1. For a quick check of your reading of the filter: which trypsin sites (Lys or Arg not before Pro) in segment C:28-109 sit in a DSSP loop and have no more than 10 other Cβ atoms within 10 Å?
2. Taking the radius of gyration and the Kirkwood hydrodynamic radius from Cα positions alone, what is the Rg/Rh ratio for segment A:45-103, to two decimal places?
3. So how tilted is helix B:15-29 from the main axis of chain B? Cα-based, degrees 0 to 90, rounded to 10.
4. Quick check: from the Cα gyration tensor, does the protein assembly as shown come out rounded (a/c under 1.5), prolate or oblate?
5. Mind listing the label-point distances from A:Asp95 to the same position on all other copies, shortest first, one decimal in nm, points 7 Å along Cα→Cβ?
6. If you draw the axis that swings chain A onto chain C, which residue of A has its Cβ closest to it, and how far is that in whole Å?
7. Can you give me the distance in nm between label points at C:Thr124 and C:Ala44, each placed 7 Å from the Cα along the Cα-to-Cβ direction?
8. How big is the B-A contact in terms of buried accessible area, both chains counted, 1.4 Å probe, rounded to the nearest 100 Å²?
Amino acid sequence: MPLWKVYHPPGAYTGDEKKGLAQAITSVYGRVMPKFYVGVVFQAVSADNAYISGEPHPAFVRLCVDHIARTFQSDATKVGFFTRMNTLLAPWIADRGFEWEMHVDETPFDLWTIQGYFPPRAGTEDETRWIAENRASPRTHP
Amino acid sequence: MPLWKVYHPPGAYTGDEKKGLAQAITSVYGRVMPKFYVGVVFQAVSADNAYISGEPHPAFVRLCVDHIARTFQSDATKVGFFTRMNTLLAPWIADRGFEWEMHVDETPFDLWTIQGYFPPRAGTEDETRWIAENRASPRTHP
Amino acid sequence: MPLWKVYHPPGAYTGDEKKGLAQAITSVYGRVMPKFYVGVVFQAVSADNAYISGEPHPAFVRLCVDHIARTFQSDATKVGFFTRMNTLLAPWIADRGFEWEMHVDETPFDLWTIQGYFPPRAGTEDETRWIAENRASPRTHP
């Protein structure tokens, strides 16, 4: 579920830094869902392929996120999520002088499969097992 | 309408294999809508740009699909679609040992144009012509 | 807010042409919202990575747009938007013989931040300031 797409300037991050950012993101979701749900894809975009205000931007990080496994249930959880991400992401983005923008879409839970399996609903026995084993496996209940 | 984005490991597929996969996907939709609605974009993502569980993953295929022309009308059709895709995609994904995840979003029908034309509704005379000619052309009715 | 993703054939556009297209797009939104809301990302996709009807397509431009700051309030505004974009984009797309498709999704306003700030609602004092300064700054009202 969450799929993070990170557009960043070429050379912005080393492999280790990308891994660190992916692990920071994963840590947030990993408390409440299987860690392997968290996918992060990095894509370098050069300034002449990235425009803000109609001008090429050499130092912009754009985060596009799809949430699938969970939907926000209240305004408070939305604000809490973004507030936390602000703090968490700062060492990779704001603290380096990058400008940035982030948006989340929520896509349908029942139009999603992993290894061909429909993931279990939150709080079910199957999800507990998926969390424990950190991998997809056949469902034992509908 | 359906736009399939396929993130895959570099070198996972030859050009012919990509074409084969695109044709398999197209065959499913092509029974009920113009074949030229089906777009498939492949993008190679190296392991240090693709993280699952916060770890680089060298053998992961991630399918991101936007459905525009049709929305699923029942749980049965949703399950049927994914079950069929599992079987259809296996030779390119599961059978090669790739791990994979797929999700579909449904986006607004009336915020979509092809060659500048708003596509006709399902079952209309215009759609029948678009299917027969496999190209967009001026609408003859609203 | 609007994030435009432009998939295009390799070599379709020079840097100046991309900038021109980005500025044309920005001009439409810039009348009613801060110009820096407008992001345009270009991505070259070679024919063997871009399939329409299951065939590689060497001359296809695919525009994927996320609208966040505003949602269309009527059918008339939807048609007006696309009609205007058709005209505006023609010099970069239709007039060059490219085939093209475009779709817009509308994603949640309250799941979106710029520089860590939740953008102000349309018509507020804060938005007026963001427009005037063309940059994000702390909100002065909720």
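1. On the way: sites: C:Arg31, C:Lys35, C:Arg62, C:Arg70, C:Lys78, C:Arg84, C:Arg96; in loops: C:Arg31, C:Arg70.
Answer by residue number: C:Arg31.
2. Details: Rg = 13.9 Å, Rh = 13.2 Å.
Here the Rg-to-Rh quotient is 1.05.
3. 50 degrees
4. Values: a/c = 1.39, a/b = 1.00, b/c = 1.39.
Because its axes are fairly even, with a/c under 1.5, the protein assembly as shown counts as rounded.
5. Label-point distances to the other copies, shortest first: 4.9, 4.9 nm.
6. Rotation axis A onto C, closest Cβ, rounded to whole Å: A:Asp105, 4.
7. Distance between label points: 4.2 nm.
8. Result for this pair: about 2500 Å² buried.
The values are calculated or read from the model by the stated rules, or taken from the named source; none is laboratory data. Just so you know, these numbers come straight off a predicted model, no measurement behind them. No Cβ is skipped: glycine too gets one built from the backbone with ideal geometry, and neighbour counts run over all protein chains shown. Keep in mind that these areas ignore ligands, DNA and RNA; they rest on the heavy atoms of the full protein, side chains included. Shrake-Rupley method; radii C 1.70, N 1.55, O 1.52, S 1.80 Å.
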